[in-house]
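Structure first, then comments.
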């Protein structure tokens, strides 16, 4: 005699209910470590988005404060759940200790581009500047055969990210040499100064 058992619940429905129960369980583990107001958002015009990073100005370099907080912390990585709990505990301790708020120690980065000049006219000097503080400025020096010829300031407060800038220089009518160059040094309010970025004048008329 053959016996057949039927049910109104399909295998798909059983698996779906199981996944929903697991999702509800994971929601119970959810804990807010950071709040929206803790992250400063900045416009990124090149990507048409707003971006924010919760970190110190020294980026991903470990600081002494962070090392002191994390050194005694045990890390459990036996399974994904233990690893996630260890990472959450580490971040909570860093936040509580204020170890993620570090001083600005990163200097701006500058790239100077070759220029052209004509005696008695205004030359445009171009350079690119990357900064993570949003408050840097640049100083441009023009040299003639390694002798300082002019000093030009760029008081612009460059926004966070990489930006192009120009400085106009009135070229003297009389020059002793056509071997001209200019160098750019950028600095931020924390006192970090970039290395001089120099470029030649390819043509002097």
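Taken together, the values in this text are just the output of simple stated rules run on the coordinates, not laboratory data. No experiment lies behind these values; they were computed from the predicted model shown. Every residue, glycine among them, receives a Cβ derived from its backbone with ideal geometry; neighbour counts consider all protein chains shown.
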Inset, instruction - Please label the shape of region 109-204 as rounded, prolate or oblate, based on the square roots a ≥ b ≥ c of the eigenvalues of the alpha-carbon gyration tensor (a/c under 1.5 means rounded; beyond that, a/b larger than b/c means prolate, else oblate). - result: prolate
Inset, instruction - Starting with the highest mean, order 165-172, 42-49 by the number of other Cβ atoms within 10 Å, averaged over the residues of each peptide. - result: 165-172, 42-49
